[in-house]
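Comments concern the structure below.
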Amino acid sequence: MIAGGTMVSNNESVRTQAIASALASAEQNPDAERIQLPWRGSNVKATVVNIPVDGVVLNPRSHRIRAQLESSLDADLVKSAPFEPRAQEVITEILRLTDKFDDLKANLRDVGQTDPGVVTHAGLLVNANTRCVALRDINAGHIRVAVLPSDASDEDIDRLELNLQMVRDFRREYTFTNELLFIEELVTKYRYNSLEIAIEMNWVSRSDGAATRRAEEGVQARLRMLALVRELQALSGNRLRLVNFDAARQAINELDEECEAIKHQDPEGARQIRDMRLAGLLSGAGYRDLREIDEDFLEEYLIPALEEQSLFQGNVENIVRPLPPRNTQNLTGLDVLQGDQAETSAGTQTAETLLTLLAESVGRDVVLVPGTADATIEINRASFVEELKQAVEAAAEDARLNRQQGNLVDRPRSFVRKASKQIRNAIEAYQQARDNPQFDADKFLAAVAEHSAAHEALQNLIGRE
């Protein structure tokens, strides 16, 4: 039973018979609706039929929701029995969360279904999965679908989905991670090369020689970005979900571009940029601040900023001390710095430890910071992440002002105005949190005292001058 009152048949033979009957009836009508679909390098004319909304099943292989399915707690259930009612409910709930779903329902209620979906002979939807859920939610009785040839294979279906939905005029773009997964599957499962993928995705035409190379590089870049995401997932024990990265498209794309630009000439610098930006990303820092991170950012800007944070005082050296070399051979597709990975020199300060602490502690309450000998220091993870984010933002602002030479003389005023804004934010946050039993008043008062001391030091300096 799907929420909304529709009972979906998980019996393939029942669905097949219903569709065959609808097809037979439509094909007796010379005026029956038929549409052209791209098919095996040419086109096929597919007959459109009206069938009950409970006569189709949602597609568990839809590339529009692959990342969401993989990230779901019920992923194994869907994988093992995708057409059983519970698995179909999982897919339904994911589709209800897609962008502008409520608008789609309103449109279907007002004007009805204008474009047919596409379905296999066995009732598996190729596209229009979201429309089907919306139609069920508004208690529509039927869905219009074009029926594919009975010998449609998985590759045929994937190619058709690509043609229908991955071109530039598709109705809603795929999420970042779903696009990455689709490209990976075309390479690993169907052995497409980069040019074939670029052409299929309408990034370039075969005759546009000047743009061909750029489009192929775009495919390779997306494979590297997926490898980067997979490495972070592996480092987190797969507690980081794919959908966690959907909002990071720009930051990850810019990171890939910078690493590619310098990795052959300066592999260790590329590694430092890579680890530092990923650590910043996991802290929640915005892409504007991440852009300021270069190979010298850690030593010149972040470490001083960390030392000003009360939580990190006395622990900064421990979170930038190099780790023993990591074994990355089993991380499939890891080629972000392929052929040029450099081990960090002994004694060099590195962001690798910081990145590892952040990734390994995902989903846990504390971060275990290495101390002296074999000892570890437990730090509340929420506090660790928040203060790291503040340090990254402060360090990025410092780097930005240093880069913009014309603003050097304005830096004191800029920092004071920023501090004033933070104090106003602190007042508002205090008013909201002070009555919460979990609010730690002692820690808050200690931070206020720290601020007061810094403010007094500034006033004394101004007074002496």
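The values are calculated or read from the model by the stated rules, or taken from the named source; none is laboratory data. In this text, all values refer to a predicted model and were calculated from it rather than measured experimentally. Heads up, the Cβs are rebuilt from the backbone with ideal geometry, glycines too, and the neighbour counts pull from every protein chain shown.
To keep it simple, each residue is scored yes or no on (1) part of a loop (DSSP other than H, G, I, E, B); (2) of a type in the set (Ser, Thr, Tyr); (3) within 29 Å of Lys189 (Cα to Cα); (4) touching a Pro at 6+ places or on another chain (Cβ under 9 Å).
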| site | (1), (2), (3), (4) |
| --- | --- |
| Ala24 | no, no, no, no |
| Asn59 | yes, no, yes, yes |
| Glu70 | no, no, yes, no |
| Asp103 | no, no, no, no |
Out of all the residues in segment 212-263, which are surrounded by 19 or more Cβ atoms within 10 Å (Cβ to Cβ), at pLDDT 95 or above, more than 14 Å from the chain's Cα centre (by Cα) and not in a helix (DSSP H, G or I)? Ser236
Hey, Thr92 surrounded by 12 or more Cβ atoms within 10 Å (Cβ to Cβ), more than 18 Å from Asn129 (Cβ to Cβ) and β-branched (Val, Ile, Thr) or not: no
Residue count for segment 17-70, restricted to those that are of a type in the set (Ser, Thr, Tyr) and within 30 Å of Arg86 (Cα to Cα): 2
Check Ser62 against each of (1) hydroxyl-bearing (Ser, Thr, Tyr); (2) free of Cβ contacts under 8 Å to residues at least 24 places away in the same chain; (3) under 24 Å from Asn163 (Cα atoms) and name the one condition it does not meet. (2)
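Of everything in segment 404-421, what is within 18 Å of Leu306 (Cα to Cα) and either at pLDDT 80 or above or in the same structural domain as Leu302 (by TED's automatic domain parsing) (or both)? Give them in sequence order.
Answer for segment 404-421, where residues must be within 18 Å of Leu306 (Cα to Cα) and either at pLDDT 80 or above or in the same structural domain as Leu302 (by TED's automatic domain parsing) (or both): just Ala419.
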May I ask you to list the residues in segment 26-57 that are surrounded by fewer than 17 Cβ atoms within 10 Å (Cβ to Cβ) and part of a loop (DSSP other than H, G, I, E, B)? Gln28, Asn29, Pro30, Asp31, Ala32, Glu33, Arg40, Gly41
Can you spot a residue in segment 406-413 that is closer than 30 Å to Asp296 by Cα, in contact with a helix residue (DSSP H, G or I) (Cβ under 9 Å, 6 or more places away or on another chain), surrounded by 14 or more Cβ atoms within 10 Å (Cβ to Cβ) and in contact (Cβ under 8 Å) with a residue 24 or more places away in the chain? no
Filtered residue count, segment 322-341, keeping only those that are touching a Ser or Thr at 6+ places or on another chain (Cβ under 6 Å) and modelled with pLDDT of 50 or more: 2
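Can Leu401 be described as closer than 19 Å to Glu292 by Cβ, surrounded by 12 or more Cβ atoms within 10 Å (Cβ to Cβ), modelled with pLDDT of 95 or more and not basic (Lys, Arg)? Break it down into steps so the answer makes sense when it comes.
Details: closer than 19 Å to Glu292 by Cβ: yes; surrounded by 12 or more Cβ atoms within 10 Å (Cβ to Cβ): yes; modelled with pLDDT of 95 or more: no; not basic (Lys, Arg): yes.
No, not satisfied.
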Here the residues within segment 358-382 that are in a helix (DSSP H, G or I) and either of a type in the set (D, E, K, R) or modelled with pLDDT under 95 (or both) are Glu360, Arg381
